[in-house]
Structures are given as structure tokens and as C-alpha cells.
Amino acid sequence: MAEDIFFRMTDIDKIYPLEGEDVHALKKVSLSLDEGEYLSVLGPSGSGKSTLMNIIGCLDTPTSGEYILQGREVEDMDELELAELRNREIGFIFQNSQLLPRLSARKNVELPLIYGGIRPKERRERAEAMLERVGLADRMDHMPNQLSGGQQQRVAIARAMVGNPSILLADEPTGALDQKTGAQIMELFQELNDEHRTVIMITHDLKIASHARRVVHIIDGEISEGGLHDA
Amino acid sequence: MHNFGKSFIMFRESVSMALDNIRNNKVRSFLTLLGIMIGVMAVITLITTVSGVTGSITSSFSSMGVGTLTVQVSGSDSKSGVTPEDLQVIANLDSVDGVSPTVNLNGRVSYGKNVQTGKTTSGKNAYYFTANPDMIVQGRALNFTDDDNSTYVCVISQDLVDEFFLGKNPIGETLYVAGLPFTVVGRYEEDSGGGVSSIFMGSADVIIPYTTAMKVNNSDEVTSFTVYLKEGVESDAAQSEIEDAMDKLFDYEEDCFTVSSMESIEDTMNSMATMLSSLLAGIASIALLVGGIGIMNMMLTTVTERTTEIGLKKALGAVPGQIQSQFLMESFLLSMIGGLTGAVFGLALSFGLCKLLGTSFVFNGGAILLGVGFSAVVGIIFGWAPARKASKLNPIDALRAA
């Protein structure tokens, strides 16, 4: 039954109406995932991978098809339910870290907990624990502009993990970083996956994608399994 | 209970985020709340100052008019005024303590070669001095014998004493009114009411027995008198009793007289003052309106600037209501800060103005409540549309804007 399913997409279609001519961004996409998996979605720009990320991340709903996350049917949820699901189940990591510039690292990490209605004391403790986990114990009160690009991305990862979500959903997480820093971030993802966290990485970069245990390709809105890799 | 706790946590966060944002845009926030500040300052200053001025005018009215009614007689075809006997009828009414007629005498006042043309002479009765016992400061008051015999005696004001008898004892001297000799028997001082009270109470520079004034005027009727009520008598009840008695005296003809109380004059004054201050407050609220538009303008700019932030917060699980309440809180607080500082400046300014005008400063809680309350409402109303706009942003588009 649906209650037992961790992540399953079945025949997802997404159609954007555009000046009379519909754009078929996703075509019959089906994808299943077990808890603790490390998946890369690999595709060039315009392939529909952003649309897929938005649907996986509960920012958008499919035109048709079925999407079950943690036993809940996402496809016909309203705005409020989607917001709650994002808060609880999804940890977003964006290309350019998207930290709020006027908040300290700790406050940035606390944000999802604020919207989850967690009390200030617990928020602080959990944020500090997460920042320690990503190796920023001594940078908690720094403002984003006092941190390097790699450190900013670590704060963003701590923020994504602080609510203990089902899925870490990363969109080109190393896109704005140099190679060395990027490699360190990829290492961190590997560690987190080793701790049994589920990671979905959206990228156009085959090298980045190859870090994942499982790769799916997306081209023209259609998905195909890419086979297993060694880490 | 859990929901309540959650709302409270969100409320606190909204306040602290809003304050952060106001602090981070100090200059812009200050310029924006300046409009509200000036508006509230204007409202409070105008209301407080106007009510201070009218308050001191009405209090001088009421201090001199407590417990009296004024009767003006226009008369009918057959009866042009009231006779001393009629006055006695009024004086004997249950609610009436006494009656004091006023009979004005025209003509210049002179003492020796010193001639005064601007001075007024008025006929009063003995009761007038009983009702105003502190008036006479030297000599004696007019008494019933003077009334009965129409004697040629007078009491004169301090002003006239200074004019005619500077440094001399006026008692026993003779002065001339309208060519007739009057012996000065007393000197009186008016109370501090000054110009206003002399108009309404009919005090004059020279007071003679009213019977004498009637004789000189060649008339046996009185057209104006003041009724002093017994203590504790309702002025409305007394007024209708007097009106009934007067109706009887004038054979129930219409429009022969008017009975008016100081209270009714005071009521008129008060309602005029209220009208005036609400008119001024209305004009001042235009400033508040303009201030509100300033807030709306700033909030719209802010929402546009923070599109990415809004998108991110939504991605992290903020619901539209939380976004909306954060922006609404920001415009509300901005407006309240403006309102409260405006209230402080308004109080200071009106305190200064009242001192300058010599009226008493009255702390007007209503004006402050109005000003600050209005600014809160302005903050919410003009913050509503921008906050709603923010809450409606699609997180995908908002994040892409980065």
C-alpha cells in the first residue's frame, strides 16, 4: 500500500501551456527510490531536469501521474500541504547556496526550524549540531559574506539537513565552486549518504553525476536508467 | 495548544525579522515613517491645542453662570416688558432664589470736569448684591430702601474710581450720569472673568437702583433680568417653570421672551469646539494618508528586492500566511514607530503652544489614541497589498530571479 512507499513516481507528465502551444516538459516519467539511496539525475539544460527537481521537491505538482513521498500522495496536494511537506521531507541545496545575507550562519540554518514551529532553544542546539557536522563549529556567528564559497555551501547543506528530511535534494551543488572545493563538497555528500541519508543530485556534469551510486539520464523530458557505478 | 505555541513562535520571529529589516534600511525606513510621524504630530497638536483653548473659554463661562438663567423680554403688542410686580411673581417660584433685573441707562458719566463717554450705567436691585456678596470692597451695596425709594445713589467700578478719584476716597462724592447727580456709596471689584463676563453678566461701570434707572428712562417695565436658582435645582426644570410663569404673564402669546442658561451657551461652545477640532484633525489625517502611501511604496520596493529571499523561505517550508504576516508586521511596526514618535513630538509641541497661548495644557488621551491608532490602521491597510503580493509569489519563479 501507499503508506509503505518511500518514494515512487509513476507516469508523471508536466505540460506548460505556452502561447497556445503546450510545452511537454516531462513525459511519462517513472522513478522509484529506496531510503538511503544516492541518485544523480543527469541531463543537459532544457532537458526537463529543473521541472523534475521542482516536482520531486514539492515546489510544483505534476499535470498527471502519481507521486508518493513517505506514503503521502503529493500530486493533488494544495499549497499549504506542499509547504509542510517541503519543510519536513525535503532538504534543498541550491547552486549558489542561497543564504540570507543579513543572518548569521547559525540563523540561516535555523530557518527551516522556524517555519516548522520549533522553539528557539531547540532550534539553536540543532543548528549548532548541524554546523559542527559540516565542519563549521568555529564559524557559527559569521555572516555569509565572511565565509568562502565552500563554507557557504556547507552552511546550506547544514540548513538542508537540520530538519532531518527524507531527501537531500541538491541542484548543481558544486556549480559555483572551484574544482578542489567542489570535490570536498562531493566528499561531504558521500559521507552523508554513508550515514544513510537519501541524496538526489540534479546535474548536467557527468563527473559530478558519477559520484552517485545510481544515475538516471533525462533527455527531452524522458528518463532512462543509466546503470550502477562504483563510488 | 501545539498550534498556539507554533503561532506564538512565528509571531515572535515575524517581529524580530521585521525589526531587523527596518534596522538594515535605516535611512529609507526613517524617511518613510517621517510621513506618519508628521501626520500624528499634527493631529495631536491640533486637537490638544484647540481643546485647551476652548476648555479655558468654556470654564470661564461656567464659572460665572452656575445656577443662573437669563431672561430676555421682547414683549407683545399690549405688554412690552415685565413690571416689578411681575418680577416678584418670578422670584416667588419654587425653584427661584431671587431675581435681578438689568435696566441700562444711556448717557455720559462725569465727575467735575472729567467726562467719560465710553462708560456704561446699569440699574440693578438689592438682591443682585446679595447674590454676589463679595463684590463690594468699599462702602455699602445698594439695598431695598434704595429700590423702594428710587434713590440717586450709585456704586462704581474700580476702573472708574481710578479714572475719577485716583488717591481720593470716592465715598460721598457726587458724579453725574445723563445729567443727573448720583452719590457714590460703594466701590466694587469685578472678578477675574474680565471682558467676557461683563458682557454676559451685564456688569457696568456705574450701578444704580433699577427703579431709578426706570424712572430716568421714563419706563415702568424691565426687558432683561437674571434669575438665580435655589441650590441643587435642575436648570432644565427651573427653566420650564419660569417659562410657564412667563407665558401666564404674557397671556400665552408666542415669542414674547427667551429664557437661556449658561449651560446652553456652554453646550453650543462645546459642540463648536468639537466640530473645529474634528475638522482640523480631518485635515491633519491627510498627512497620515500620504504617509501611508509612502509606506506602501517602500513595502512594494522591499518585496521586489527580496523576491529571492521570499522564494527561498517558501522552499524551506514557509506558508503564504507566514510570509504575509512578516511583511505586514514590518509595515505595521514601521507605522507604529512613526506614530509613537509623532505622539511624543506632538505632545511636546502642543505643550509649548499652550504655554505660548496662556491656556492650560490638558493631556488628551483620546487624541493620542486616535493618532497612534490611526497610524496602526494605516500601517496595516497600506501594508496589506505588498504583503499579499509577497505571499503570492511562486517559489520557483522567485528562486529563478536570483
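Couple of notes before you dig in:
- Neighbourhood net charge (13 Å Cβ-Cβ; Lys/Arg +1, Asp/Glu -1) for B:F382: +1
- Fewest neighbouring Cβ atoms within 10 Å first, the residues A:R86, A:R106 line up as A:R106, A:R86.
- Sparse-neighbour loop sites [chymotrypsin sites (Phe, Trp or Tyr not before Pro); the range A:3-81; at most 15 other C-beta within 10 Å; DSSP]: none
- Longest to shortest principal axis, alpha-carbon extents of the range B:271-402, angstrom: 64, 23, 19
- Equivalent ellipsoid, the range B:100-154 (semi-axes from 5 times Cα gyration tensor eigenvalues, Å): 22, 13, 12
- Separation between Cα centres of the range B:210-233 and the range A:127-196, rounded to whole Å: 101
- Hydrodynamic estimate: the Kirkwood radius of the range A:96-230 over Cα pairs, inserted into Stokes-Einstein at 25 °C and 0.890 mPa s, corresponds to D of 156 µm²/s.
- Label point of B:T83 set 7 angstrom out along Cα-Cβ; within the range B:211-253, amide nitrogens under 12 Å from it belong to B:220-222.
- With at most 11 other Cβ atoms within 10 Å, longest stretch of chain B clear of loop trypsin sites (Lys or Arg not before Pro) (DSSP): B:169-402
- In Hz, Karplus ³J(HN,Hα) per residue of the range B:315-332 (6.51, -1.76, 1.60; θ = phi - 60°; x = Gly, Pro): 4, 7, x, 5, 8, x, x, 5, 4, 4, 5, 5, 6, 5, 4, 5, 6, 5
- Remark: relative contact order (chain B) = 30 percent; criterion is Cα-Cα distance under 8 angstrom and separation of 6 or more residues.
- When the P(r) of chain A is calculated, the portion above 23 Å amounts to 48% of the C-alpha pairs.
- Taking max minus min of the alpha-carbon positions on each principal axis, the range B:67-261 gives extents of 52, 36, 30 Å, largest first.
- Seen from all directions on average, the protein assembly as shown presents a Cα convex hull projection of 46.6 nm².
- Cleavage-rule hits (GluC sites (Glu not before Pro)) in the range B:247-292: DSSP loop, at most 12 neighbouring Cβ within 10 angstrom: B:E254
- Of the chymotrypsin sites (Phe, Trp or Tyr not before Pro) in the range B:328-371, the ones in a loop by DSSP (not H, G, I, E or B) with at most 14 other beta carbons within 10 Å are B:F363.
- When you work out D = kT/(6 pi eta Rh) for chain B at 25 °C and 0.890 mPa s, using the Kirkwood radius from C-alpha pairs as Rh and the Stokes-Einstein form, the result is 92 µm²/s.
- By the rule of a C-alpha distance below 20 Å, with chain neighbours fewer than 8 residues away ignored, the lysines paired with A:K207 are A:K49, A:K180.
- When Rg and the Kirkwood radius Rh are both evaluated on Cα atoms of the range B:262-314, their ratio Rg/Rh stands at 1.52.
- In Å, descending, principal axis extents of the Cα set of the range B:51-170: 47, 46, 29
FYI, it's all coordinate maths here, none of it is from the lab. All of these numbers come straight from a predicted model, not from anything done at the bench. With ideal geometry, Cβ positions are generated from the backbone for all residues, glycine too; neighbour counts draw on all protein chains shown.
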